[in-house]
Amino acid sequence: MQDAPVHLVIESGIARLTLNRPKALNALNSALFTELASILDDLEGQADLRAVLITGEGEKAFVAGADIAEMRDKTPDEAHAFARQALTTIKRLERLPVPVVALVNGFCLGGGCELALACDWAVASDNAVFGQPEVLLGVIPGFGGTQRLPRRIGPAMALDLITTGRKIDAHEALRIGLVNQVMSQTELEQYAETLAKQLKVNGTKAVRSAKQAVHDGMDQDLDSALALETSLFALGFAGSEQKEGMSAFLEKRTPNF
Ligand code: DAK
């Protein structure tokens, strides 16, 4: 693999992003976020995109955290600027209109766990290790962990992980709802094909609309969120996907989306 800190391959509408700093266990630095932002410029304009998968190069780490060597001598202003760069880029990844999935193939610590939390869901290999060990370095999570972790697994478990800095294995991560599935490294490598097959038979606009309903709805009170769902549901009847999907069912054939 070449030297770029992030690699992008797109096949059958599935974009695969690989974080590529294996010598530093794919630790997140400024250059990596700059590259990721430039890849997002490209992905945001792709109308035929179906999903984005993000993983770490090698079999040892997804991401072992923000780059400690780069951060050590930062002033408060520089730390603030780094956090802003990371937060903005991670938010853009989260808000891509298609499912964004973390394939966690090893250590998933600190900023790595925060990156996985910004994905719509995560699947993990059975050797994955999760944690928010920032307090062991004398800081708190800086890439959204204090906000997205409690929203994903509840405040009590989030505070346990964030204030103790303890690490958990993939099976505990599954039990507490941090990941959706645990599988072998080989199965994880095949997950792109599995997901591509699943998404291929679905209405592309319906999938995008469902993501929008969940994300935008989570930021609203229940009544407003239900009204949003109703609007998006009704809007589905304005396009060709709904007619094709329902006709295919009634005609006992596979829909052609
Ligand atoms: N940063 C930089 N380099 C890292 C790294 C990291 N996070 N993690 C590992 N490396 C490097 C190691 O230094 C080592 O480099 P060399 O010595 O070979 O040059 C190489 O990767 C291999 O690591 P190890 O030799 O340590 O490998 P082991 O198998 O022995 O151990 C490990 C693996 C993952 C248990 C260990 O590497 C480890 O504990 N890594 C650090 C994990 C960690 O603490 N992660 C959280 C980082 S802090 C902010 C506020 C806070 C944050 C960010 C922003 N703002 C307000 C701006 C904090 C974010 C974090 O994520």
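Side notes on the structure shown:
- Every pair of residues 6+ apart whose Cβ atoms lie under 7 Å, when the first sits in the stretch 133-161 and is closer than 19 Å to residue 217 by Cα while the second is aliphatic (A, V, I, L, M) and open to solvent by 40 Å² or more (accessible area, probe 1.4 Å): none
- The residue pairs whose first member lies in the stretch 1-23 and is in contact (Cβ under 8 Å) with a residue 12 or more places away in the chain, whose second member is in a loop (DSSP other than H, G, I, E, B) and open to solvent by 70 Å² or more (accessible area, probe 1.4 Å), and whose beta carbons are closer than 9 Å, counting only pairs six or more residues apart or on different chains, are 7/1; 13/48; 18/1; 20/1; 20/2; 20/3; 22/1; 22/60.
- Exactly one residue among 203, 236, 177 is under 26 Å from the mean Cα position of the chain (by Cα), open to solvent by less than 90 Å² (accessible area, probe 1.4 Å) and within 26 Å of residue 148 (Cα to Cα), and that residue is 177.
- Scanning the stretch 1-17 for residues that are under 30 Å from residue 72 (Cα atoms), within 16 Å of the chain's Cα centre (by Cα) and open to solvent by 20 Å² or more (accessible area, probe 1.4 Å) yields 7, 8.
- Neighbours by Cβ (under 6 Å, 6+ apart or cross-chain): first from the stretch 106-122, closer than 15 Å to residue 92 by Cβ; second part of a strand (DSSP E or B) and of a type in the set (Gly, Ala, Ser): 119/102
- Restricting 70, 94 to those that are within 26 Å of residue 189 (Cβ to Cβ) and in contact (Cβ under 8 Å) with a residue 12 or more places away in the chain reduces the list to 94.
- From 209, 224, residue being loosely packed, with under 13 Cβ neighbours inside 10 Å, in contact with a helix residue (DSSP H, G or I) (Cβ under 9 Å, 6 or more places away or on another chain) and in a helix (DSSP H, G or I): 224
- Pairing each residue of the stretch 164-184 that is farther than 15 Å from residue 126 by Cβ with any residue that is among the charged types (D, E, K, R) and more than 16 Å from the ligand (Cβ to nearest atom), provided the two are 6+ apart or on different chains, yields C-beta distances under 8 Å for 166/160; 177/152.
The values are calculated or read from the model by the stated rules, or taken from the named source; none is laboratory data. The structure presented is a predicted model; accordingly, all values stated were derived computationally and were not measured. Cβ atoms come from the backbone with ideal geometry, glycine included; neighbour counts cover every protein chain shown. Note: areas computed on protein heavy atoms with side chains; ligands, DNA, RNA excluded. Shrake-Rupley method; radii C 1.70, N 1.55, O 1.52, S 1.80 Å.
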